[in-house]
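Heads up, the thing below is written out as structure tokens.
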């Protein structure tokens with residue numbers, strides 16, 4: 001059956017739940033036909049619907065409970081599905097709207113079976129895709145309106161044309177949609193007192209690294225319905241377009257006032273470095289402590305308005321976003337500068353050496369957010385390799401000396417707000433080299449732990465220390481030239497000294513190199529014994545394991561004695577003297593060293609031992625021979641005696 005007029009069927013079809021309706025009288029309008037059919041043909045069937053729905057296996061159309069509240073300009077999706085039907089698995093759906101000003105007039109919106117179905121008021125929107133119906137499966141669809149208009153409010157009906165053998169059940173469902181005005185407002189909180197307007201363009205903030213970044217946001221709504229606001233702060237990288245794909249969430253305040261942080265900021269939220277709070281009814285405040293270079297970007301405040309639908313689910317009905325500020329983080333590395341002085345230094349042995357280091361820049365003062373350490377490093381002259389630490393002041397202002405300087409009189413102190421001084425009370429020739437001042441800047445990260453933010457080294461500062469001019473020569477020999485096993489080997493070392501200040505002291509040590517197997521790497525020299533600059537003897541390990549004695553037998557003569565020499569004491573021996581000078585700070589340093597020529601010690605066997613062995617062998621042989629002869633003679637004599 002068709003109704004008169006181009007859209008008469010679409011107007012009257014949803015109300016046709018029973019047998020075909022009679023044609024309207026000639027000349028009547030579609031609206032009058034619809035009203036007449038609604039008054040006489042439709043009412044009895046509506047009265048019978050409850051009975052029909054109770055029949056087992058009756059068709060049923062299901063839609064969400066209403067009313068639904070949405071905001072103009074936002075999107076909505078309304079689902080519709082049919083069950084307990086007969087016929088093909090793919091059912092058709094037709095959508096109608098009953099506006100509040102004409103609750104009995106059905107306006108065709110969209111259909112799954114007829115492209116000409118929409119009324120003229122919806123035709124352009126359907127053609128542009130603003131309104132569309134999406135099929136989820138054969139018996140379920142969703143009506144989607146991407147941008148609601150005020151005139152979209154009303155009762156939406158989802159009608160399913162019958163494919164059953166007889167009319168039984170419900171063939172349509174309805175839900176009311178109420179379109180609310182867009183009253184959600186989001187803006188940056190003014191920096192001044194309440195009521196003061198900020199500048200039209202977002203401000204540009206420069207935050208020193210390690211300091212706090214504080215941003216405010218105002219979010220309000222005057223919706224008459226009961227809604228909740230969820231406010232979040234996000235960051236977009238500099239020069240990047242703002243959008244959901246580029247906006248990284250920093251933290252958000254949910255409707256239940258619970259704070260959630262984006263994945264990169266979760267640790268900082270746990271450590272208390274990230275805070276988000278609500279101040280009053282409309283103001284929200286974000287505080288990001290310990291600013292890092294990665295925190296630079298454009299910050300936004302996003303407010304989302306949520307409402308609870310009759311089925312208990314929450315739906316977002318509005319969202320607004322405002323730019324708060326463009327934030328630049330001034331890194332400590334770009335501000336830290338280190339200058340050393342007073343220039344190339346030349347000092348003599350034992351003289352004090354002072355070096356100054358100025359650490360400057362627009363740096364935050366040391367405190368809860370930032371800390372600094374300053375130290376000196378040195379690369380020895382003519383010795384390639386990494387620089388070694390001389391002394392430093394840590395972030396707490398506590399000084400420490402580097403490896404090898406623990407017994408030196410060295411001070412490291414802060415003598416001015418930006419000036420640090422390194423002082424060596426008595427320079428040594430080994431202190432010559434290239435010095436650099438190293439400054440480190442730290443910021444406190446999560447858990448109050450320090451994170452190194454910048455490291456700057458000064459230009460190299462050459463330091464020259466004059467040599468003392470001490471020349472040593474050592475001559476060693478073995479007393480007697482030949483030594484036998486069991487005897488005491490005496491080795492002498494005479495030392496000659498040229499130059500050096502008064503009070504120079506000598507130390508001497510004795511070393512042995514064992515002869516290894518041919519083709520193998522010889523073992524390293526082994527300390528046998530020695531005597532320090534204070535005259536205290538030091539004993540090492542003797543290869544033979546016997547007694548060792550070291551002594552100074554003259555002003556510049558030393559002796560090593562190996563008692564009861566054995567075969568294991570064989571080897572190449574040498575003496576190694578060293579010259580030591582004491583400075584005014586009572587520290588000692590080695591001013592020179594030397595090494596003697598090697599001495600071969602070979603324990604010979606004694607002559608008596610050489611004769612004793614043949615004599616013992618001869619006596620034994622003679623005794624065996626005599627016994628053999630005696631036994632032979634005795635045997636022969638006894639045989640002859642028995643014969644007689």
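The values are calculated or read from the model by the stated rules, or taken from the named source; none is laboratory data. Because the structure is predicted, anything quoted here is derived from the model rather than measured. Cβ: placed from backbone, ideal geometry, glycine included. Neighbour counts: every protein chain shown.
Assorted remarks:
- Residue 461 being buried (at least 20 other Cβ atoms within 10 Å of the Cβ) and at pLDDT 90 or above: yes
- Matching option when the condition is over 30 Å from residue 78 (Cα atoms), in contact with a strand residue (DSSP E or B) (Cβ under 9 Å, 6 or more places away or on another chain) and surrounded by 14 or more Cβ atoms within 10 Å (Cβ to Cβ), among 286, 253: 286
- Residue check for residue 359: part of a strand (DSSP E or B), touching a helix residue (DSSP H, G or I) at 6+ places or on another chain (Cβ under 9 Å) and over 27 Å from residue 407 (Cα atoms): no
- Number of residues in region 55-84 that are touching a residue at least 24 places away in the same chain (Cβ under 8 Å) and more than 52 Å from the chain's Cα centre (by Cα): the value is 10.
- Residue match in region 620-629 (condition: at pLDDT 90 or above and either more than 56 Å from the chain's Cα centre (by Cα) or surrounded by 12 or more Cβ atoms within 10 Å (Cβ to Cβ) (or both)): no
- Among residues of region 504-520, those that are modelled with pLDDT under 85 and under 14 Å from residue 594 (Cβ atoms), counted: 0
This table checks each residue for (1) under 31 Å from the mean Cα position of the chain (by Cα); (2) at pLDDT 85 or above; (3) not assigned by TED's automatic domain parsing to the domain that holds residue 74.
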residue	(1), (2), (3)
320	no, yes, yes
339	no, yes, yes
342	no, no, yes
353	no, yes, yes
359	yes, yes, yes
366	yes, no, yes
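- Meeting the requirement of 1 or more residues that are surrounded by fewer than 17 Cβ atoms within 10 Å (Cβ to Cβ) and touching a residue at least 60 places away in the same chain (Cβ under 8 Å), the strands (runs of 3 or more DSSP E) wholly within region 112-163 are 140-145.
- Filter pass, residue 579 being over 19 Å from residue 481 (Cα atoms), loosely packed, with under 15 Cβ neighbours inside 10 Å, in contact with a strand residue (DSSP E or B) (Cβ under 8 Å, 6 or more places away or on another chain) and at pLDDT 90 or above: no
- Hits in region 465-481 - residues which are touching a residue at least 40 places away in the same chain (Cβ under 8 Å) and surrounded by fewer than 16 Cβ atoms within 10 Å (Cβ to Cβ): 466, 467, 471, 473, 475, 477
- Within region 193-224, considering residues that are assigned to a loop (DSSP other than H, G, I, E, B) and surrounded by 14 or more Cβ atoms within 10 Å (Cβ to Cβ), the one modelled with the highest pLDDT: 221
Rundown of residues vs (1) surrounded by 15 or more Cβ atoms within 10 Å (Cβ to Cβ); (2) assigned by TED's automatic domain parsing to the domain that holds residue 76; (3) within 21 Å of residue 224 (Cβ to Cβ), yes/no style:
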residue	(1), (2), (3)
270	no, no, no
279	no, no, no
300	yes, no, no
306	yes, no, yes
326	yes, no, no
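- Failed condition for residue 520, given (1) surrounded by fewer than 15 Cβ atoms within 10 Å (Cβ to Cβ); (2) part of a strand (DSSP E or B); (3) under 54 Å from the mean Cα position of the chain (by Cα): (2)
- Taking the criterion of being under 21 Å from residue 459 (Cα atoms) and surrounded by fewer than 18 Cβ atoms within 10 Å (Cβ to Cβ), the residues of region 362-384 that qualify are 362, 379, 380, 381, 382, 383, 384.
- Flag if residue 453 is in a strand (DSSP E or B), modelled with pLDDT under 90 and more than 30 Å from residue 571 (Cα to Cα): yes
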